[in-house]
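Step one of this worksheet: look at the structure below.
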Amino acid sequence: MRYGEGFEAGWPETYCVKSVTEAGGLERLREAVETVRVEPRITGYITAIVRATREAASLTLGASPRAGVALLKAARAAALIEERDYVIPDDVKLLAPAVLRHRVSVAPELELEGVTADQALKAILDKTAAPTA
């Protein structure tokens, strides 16, 4: 039964969502992500980005160490999706805005001028040197 061509919150069968894996499959994916290698230069890059958010004049609240852990996990998952067993700087750079945007606060005076967290993070990413091979 559908309610207003949408779904009824109390009836999961109306959600129109199809299962793509079971609990065991999800656990296997988590285990696979843990096998993705992360070199020290990549963890250093993540640390530099997170630290830069705390030092940026454009932000009144920077990312926490836990945000760095979240970025590391996301980068490992991205590498796995790309069928690599190692993280590259582009994984980090690509995911940093999505992982960090809700963990930082733009300075109020800049926010009034229309500066967004994504813009502030882009400036930080542009200034933070990515490791090279």
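Some observations on this one:
- Candidate set: the stretch 99-117, residues that are under 15 Å from Ala67 (Cβ atoms) and part of a helix (DSSP H, G or I); chosen: the one farthest from the chain's Cα centre (by Cα): Ala117
- Matching residues, the stretch 23-51, being of a type in the set (Phe, Trp, Tyr) and either without any contact (Cβ under 8 Å) to a residue 12 or more places away in the chain or under 16 Å from Ala117 (Cβ atoms) (or both): none
- Unmet requirement for Thr14, which otherwise passes all of (1) of a type outside the set (A, V, I, L, M, F, W, C); (2) more than 16 Å from Leu121 (Cα to Cα); (3) open to solvent by 40 Å² or more (accessible area, probe 1.4 Å): (3)
- Looking only at residues of the stretch 99-120 that are within 24 Å of Leu29 (Cβ to Cβ) and free of Cβ contacts under 8 Å to residues at least 40 places away in the same chain, we find that the one that is surrounded by the fewest Cβ atoms within 10 Å (Cβ to Cβ) is His102.
- Residues considered: Arg28, Arg41, Arg66. Of these, the only one that is more than 16 Å from the chain's Cα centre (by Cα), at pLDDT 95 or above and not in a strand (DSSP E or B) is Arg41.
- Breaking point among (1) in a loop (DSSP other than H, G, I, E, B); (2) surrounded by 22 or more Cβ atoms within 10 Å (Cβ to Cβ); (3) of a type in the set (A, V, I, L, M), for Ala96: (1)
- The stretch 52-93, subset of a type in the set (A, V, I, L, M, F, W, C) and free of Cβ contacts under 8 Å to residues at least 12 places away in the same chain, residue surrounded by the fewest Cβ atoms within 10 Å (Cβ to Cβ): Ile81
The values are calculated or read from the model by the stated rules, or taken from the named source; none is laboratory data. Computed from a predicted model, the values in this text were never measured in an experiment. Neighbour counts are summed over all protein chains in view; Cβ atoms, including those assigned to glycine, are modelled from backbone coordinates with ideal geometry. Ligands, DNA and RNA are stripped out before the accessible areas are found, and what is left, the full protein with its side chains, is counted by its heavy atoms. Shrake-Rupley method; radii C 1.70, N 1.55, O 1.52, S 1.80 Å.
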